[in-house]
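K.L.:
So that we are looking at the same thing, I have put the structure below in structure tokens.
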Amino acid sequence: MSEAYGATIAKRGLARRLRELRVGTGYTANQVCDRLNWGRGKVGRFEANNWVRPELSDIRDLARIYAGSDLDELEELATRARQRAWWRDYPDVFHNEFPGYEGDASSIRVVMPLVIPGLLQTLPYMQALLTTGTQTPEWREQALRARLRKQQILDRDEHAPDVVAVLTEASLMYEWGDPGDRRAQLRHLLTMSERPNVELRLLRLSDGLHPGMSTLVNIFDFPGDEPSMVFLENDADIQEIDDPGRVEAYGEIFDEIRAAALSTADTAAHLESLIAKLE
């Protein structure tokens with residue numbers, strides 16, 4: 001399966017553009033469906049981005065009745081959106097388009113109070129974490145392959161996202177695997193933090209309560225004028241938020257959390273001290 005970089009945000013952008021064009025004509029979604037002899041609800045699904053791969057014939061039909069539409073623009077978005085990405089092969093692991101948006105992001109801001117962010121996990125950590133769930137061994141094997149594949153976005157020669165990750169010391173203190181596994185995970189964090197596109201900051205236990213105590217959030221910013229998105233994670237679901245006001249609010253919360261954490265240099269020094277304790 002291909003990288004399909006940009007496909008997910010192209011589909012989202014196409015949905016938004018189609019709604020703008022319809023509203024500009026003064027039609028309701030049902031009126032458009034009636035004019036095209038479509039079942040009612042089809043246009044609404046498109047505009048809600050509730051589709052997998054847009055059909056070019058549908059896009060051309062819509063462009064015909066939307067005044068001011070640019071068919072070349074719409075077809076370019078639809079063509080990009082139709083690319084099939086690798087993560088589509090893992091429907092049991094990914095229940096929404098989170099990996100697509102993560103892969104298309106120009107910058108990623110993430111904070112997780114009790115877990116190391118997925119992009120920064122080592123293989124043994126992933127394996128240990130996955131065994132804590134109730135899923136079958138077959139699902140865990142699929143999830144492991146998918147998570148390893150997802151990390152490859154940080155190794156791209158082009159379009160590698162900038163990552164700002166805020167960790168908590170609590171997430172590093174659990175006992176799992178053996179001391180060698182835990183040292184390797186800490187060293188991996190240090191190595192990743194040396195990359196020019198990765199900023200790592202730590203919230204220490206000794207610094208007390210902090211603004212991110214109950215916040216588990218991913219904020220994705222995208223190239224161009226594509227609006228940012230927020231994803232909230234828990235053990236059962238990943239919630240997608242794209243309302244501009246709420247996205248901005250989560251950005252402000254993240255800024256407070258980041259400001260409460262150690263500097264990047266002090267974070268590296270503290271990770272070194274934790275490694276020394278495991279020697």
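The values are calculated or read from the model by the stated rules, or taken from the named source; none is laboratory data. Since the structure is predicted, the reported quantities are computational estimates derived from the model, not experimental observations. A quick note on method: Cβ atoms are made from the backbone with ideal geometry, for glycine too, and the neighbour counts reach across all protein chains shown. Heads up: the accessible areas ignore ligands, DNA and RNA and are worked out on the full protein's heavy atoms, side chains in. Shrake-Rupley method; radii C 1.70, N 1.55, O 1.52, S 1.80 Å.
K.L.:
For a quick check of your reading of the model, give me the residue pairs whose first member lies in segment 82-94 and is over 19 Å from E240 (Cβ atoms) and free of Cβ contacts under 8 Å to residues at least 24 places away in the same chain, whose second is β-branched (V, I, T) and part of a loop (DSSP other than H, G, I, E, B), with beta-carbon atoms closer than 9 Å and at least 6 apart or on different chains.
P.N.:
none
K.L.:
Further question on the same structure: Please work out which residue is nearest to E102 (Cα to Cα), limiting yourself to segment 31-51 and to residues that are open to solvent by 60 Å² or more (accessible area, probe 1.4 Å) and touching a residue at least 12 places away in the same chain (Cβ under 8 Å).
P.N.:
So the residue we want is A48.
K.L.:
Here's another thing I want to ask about it. Could you tell me whether segment 195-204 includes any residue that is open to solvent by 60 Å² or more (accessible area, probe 1.4 Å), within 14 Å of I257 (Cβ to Cβ), assigned to a loop (DSSP other than H, G, I, E, B) and touching a residue at least 24 places away in the same chain (Cβ under 8 Å)?
P.N.:
Among the residues of segment 195-204, at least one is open to solvent by 60 Å² or more (accessible area, probe 1.4 Å), within 14 Å of I257 (Cβ to Cβ), assigned to a loop (DSSP other than H, G, I, E, B) and touching a residue at least 24 places away in the same chain (Cβ under 8 Å), which makes the answer yes.
K.L.:
In segment 226-242, is there at least one residue being open to solvent by 20 Å² or more (accessible area, probe 1.4 Å), modelled with pLDDT of 95 or more and assigned to a helix (DSSP H, G or I)?
P.N.:
Checked segment 226-242: no residue is open to solvent by 20 Å² or more (accessible area, probe 1.4 Å), modelled with pLDDT of 95 or more and assigned to a helix (DSSP H, G or I).
K.L.:
Name the single residue, out of those in segment 130-187 being out of contact with any Gly (no Cβ under 9 Å at 6 or more places or on another chain), open to solvent by 50 Å² or more (accessible area, probe 1.4 Å) and within 18 Å of N234 (Cα to Cα), that is modelled with the lowest pLDDT.
P.N.:
Looking at the filtered set, the residue picked out is T134.
K.L.:
Quick one: is M229 touching a residue at least 24 places away in the same chain (Cβ under 8 Å) and within 22 Å of A261 (Cα to Cα)?
P.N.:
Taking the combined requirement at face value, the residue does not satisfy it.
K.L.:
Give the residues of segment 125-156 that are among the basic types (K, R) and assigned to a helix (DSSP H, G or I), sorted by residue number.
P.N.:
Scanning segment 125-156 gives R140, R145, R147, R149, K150.
K.L.:
Count, please, the residues in segment 157-173 that happen to be out of contact with any Pro (no Cβ under 9 Å at 6 or more places or on another chain), outside any strand (DSSP E or B) and touching a residue at least 40 places away in the same chain (Cβ under 8 Å).
P.N.:
Result for segment 157-173: 3.
K.L.:
Give all pairs with beta carbons closer than 8 Å in which a residue from segment 206-220 that is in contact (Cβ under 8 Å) with a residue 12 or more places away in the chain and open to solvent by 10 Å² or more (accessible area, probe 1.4 Å) meets a residue that is assigned to a loop (DSSP other than H, G, I, E, B) and among the polar types (S, T, N, Q); count only pairs at least 6 apart in sequence or on separate chains.
P.N.:
Cβ pairs passing all conditions: L216/N234.
K.L.:
Now for a separate question. Out of all the residues in segment 61-69, is one or more closer than 30 Å to Q135 by Cβ and touching a helix residue (DSSP H, G or I) at 6+ places or on another chain (Cβ under 9 Å)?
P.N.:
no
K.L.:
From the set of residues in segment 205-221 that are out of contact with any Asp or Glu (no Cβ under 7 Å at 6 or more places or on another chain) and part of a loop (DSSP other than H, G, I, E, B), which is farthest from G100 (Cα to Cα)?
P.N.:
Among residues in segment 205-221 that are out of contact with any Asp or Glu (no Cβ under 7 Å at 6 or more places or on another chain) and part of a loop (DSSP other than H, G, I, E, B), the one farthest from G100 (Cα to Cα) is G208.
K.L.:
If we scan segment 99-113, do we find a residue that is modelled with pLDDT under 95, open to solvent by less than 70 Å² (accessible area, probe 1.4 Å) and closer than 23 Å to N218 by Cα?
P.N.:
yes
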